[in-house]
Amino acid sequence: SYAPGETGAYPLNIGGSSSAPTTTRPTAPISSTNQLQVGSSVTANLSSEDRTLSGGEYADIYTFTAEAGQPIRVEMNSGPIDTYLVVSGPAGFVEENDDFEGSLDNSVVEFRAPATGTYSITATSYDAGETGNYTLSVLDEAGAQPTTRYNNNSVGGTEVFGIFVGISDYPSFY
């Protein structure tokens, strides 16, 4: 569980990865979800009638199907909500984003689908009890590059390598 003493139903995904990725925020069970198609958007509302995560955040759950290798961009925008997205799927895939490029009202997860199958989106807020309208989009982003990862253990995540060159002995020029 996310915190000591938590109880309740949860989804369990079993994949071929030996190191299962983790999310810093629990997701809601995938019951009574809304189906989206890649290339579609929906305007919805987080309200006190929605399912509630263990931290008190309201959440809406959506699913979509993607093909292995398909570049996907999931985006949540809102004025009144500090948005938070969690996308999970086959092969233990989990990615999440809070403040895309520093914007409190925009969360984005970009990735190449590691496997063909159904992916789940938890559209929620950063703080407990936040309500208001939001727009959620699932786009096929041909040629998209993954955004900065906040979860370095993700299946299909990127690795960054750097070469750093420095000079520590300068010749005398006089």
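Read-outs throughout are calculated quantities, based only on the coordinates presented, and are distinct from any laboratory measurement. Because the structure is predicted, anything quoted here is derived from the model rather than measured. Virtual Cβ from ideal backbone geometry, glycine too; neighbours counted across all protein chains shown.
Details
- Projecting the Cα atoms of Phe64, Leu46, Val87 onto the charge dipole of region 29-100, computed from C-beta unit charges around the Cα centre, puts Phe64 farthest toward the positive end.
- Annotation: amide H of Arg51 within the under-5 Å range of Ala59, sequence separation 5 or more or interchain, hydrogens built in the peptide plane.
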